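> My questions all concern the structure below.
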């Protein structure tokens, strides 16, 4: 029997784009999937849209507003798949997104994570702004910690589910929760690979996380303090993460013409809370 793929979609006030996201899953060339949609306390027409899809493969969950990590965790707790991945409510899966990633797993049983190309679209999906393709195969932890950009753009991995493993996002982070989730998975072992086929159409222009630079800076710092407590990670990799994260934040401030904040971000001592 073909493996089941669980897709987890957290949504908060997603009435504008949710229909497109769910429709893109129903159009997948690989049909053995389940979709777990978690409504994170929406107060718009999100629930009506979800209930408008009459499909036994779509399961609906609802919670008070707790944030994207808590919503994903609820999905993880209830999934049945042999593999799982995520789709944000304002993005879209290309038709072969599931099939092409699953095909990579079939090549090598040691592969635990499969990624693919991401097409970054403008707000109304009328144009592709740029494309990103992974550029790495192997054990992914070091590249994640170096923030090299070779194996991480966002929440685009398909993950082979391991028995007796509890998958969990750290709740309370405002930025970078997917990066920390992948770092935790990579510590447990397994190889990363990718397909050059597009696996995600990402909608740019409305997400506020990257625009909130203070929040972005705090997110990178929070992840650093999580990494510091991981005894299995060598010190030089912890420092490599800190150096690259500071550089990313400083450049982000400079891009917004905030040189003082850029300098402060680069000179801050992250070893102190």
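A quick yes/no check of all residues on (1) touching a helix residue (DSSP H, G or I) at 6+ places or on another chain (Cβ under 6 Å); (2) surrounded by fewer than 18 Cβ atoms within 10 Å (Cβ to Cβ); (3) closer than 21 Å to residue 268 by Cβ; (4) touching a residue at least 24 places away in the same chain (Cβ under 8 Å):
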site	(1), (2), (3), (4)
161	no, no, no, yes
180	yes, no, yes, yes
184	no, yes, no, no
190	no, yes, no, yes
196	no, yes, no, yes
205	no, yes, no, yes
219	no, no, yes, yes
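> So, in region 229-262, how many residues would count as being without any contact (Cβ under 8 Å) to a residue 24 or more places away in the chain and either assigned to a helix (DSSP H, G or I) or over 19 Å from residue 188 (Cα atoms) (or both)? First the steps, then the outcome.
Pass one, region 229-262, residues without any contact (Cβ under 8 Å) to a residue 24 or more places away in the chain: 229, 231, 234-236, 239, 243, 247, 250-251, 254-255, 257, 259-260, 262.
From what's left, either assigned to a helix (DSSP H, G or I) or over 19 Å from residue 188 (Cα atoms) (or both): 235-236, 239, 243, 247, 250-251, 254-255, 257, 259-260, 262.
Residues that pass the stated criteria total 13.
> Do the conditions hold for residue 223, that is, is it touching a residue at least 40 places away in the same chain (Cβ under 8 Å), closer than 28 Å to residue 101 by Cβ and outside the structural domain of residue 132 (by TED's automatic domain parsing)? Quick ask: steps written out before the conclusion?
Numbers: touching a residue at least 40 places away in the same chain (Cβ under 8 Å): yes; closer than 28 Å to residue 101 by Cβ: yes; outside the structural domain of residue 132 (by TED's automatic domain parsing): yes.
For residue 223, the condition - touching a residue at least 40 places away in the same chain (Cβ under 8 Å), closer than 28 Å to residue 101 by Cβ and outside the structural domain of residue 132 (by TED's automatic domain parsing) - is met.
> Just checking, which of 44, 88, 55 is part of a loop (DSSP other than H, G, I, E, B), more than 24 Å from residue 164 (Cα to Cα), under 20 Å from the mean Cα position of the chain (by Cα) and assigned by TED's automatic domain parsing to the domain that holds residue 194? Show your work before the answer.
Numbers: 44 fails: under 20 Å from the mean Cα position of the chain (by Cα); 55 fails: under 20 Å from the mean Cα position of the chain (by Cα).
Answer to the check: 88.
One line per residue, one yes/no per condition, for (1) assigned to a loop (DSSP other than H, G, I, E, B); (2) modelled with pLDDT of 95 or more:
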site	(1), (2)
66	yes, yes
69	no, yes
74	no, yes
98	no, yes
104	no, yes
116	no, yes
124	yes, no
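> Return the only residue of 125, 136 being more than 14 Å from the chain's Cα centre (by Cα) and surrounded by 18 or more Cβ atoms within 10 Å (Cβ to Cβ). Steps first, please.
Working: 125 fails: surrounded by 18 or more Cβ atoms within 10 Å (Cβ to Cβ).
None of the others qualify; the one that does is 136.
> Still on this model: Name the residue that is surrounded by the fewest Cβ atoms within 10 Å (Cβ to Cβ), counting only residues in region 243-273 that are over 14 Å from residue 183 (Cβ atoms) and within 22 Å of the chain's Cα centre (by Cα).
247
The values are calculated or read from the model by the stated rules, or taken from the named source; none is laboratory data. Just so it is clear, the structure is predicted and the values come from calculations on it, not from any experiment. Virtual Cβ from ideal backbone geometry, glycine too; neighbours counted across all protein chains shown.
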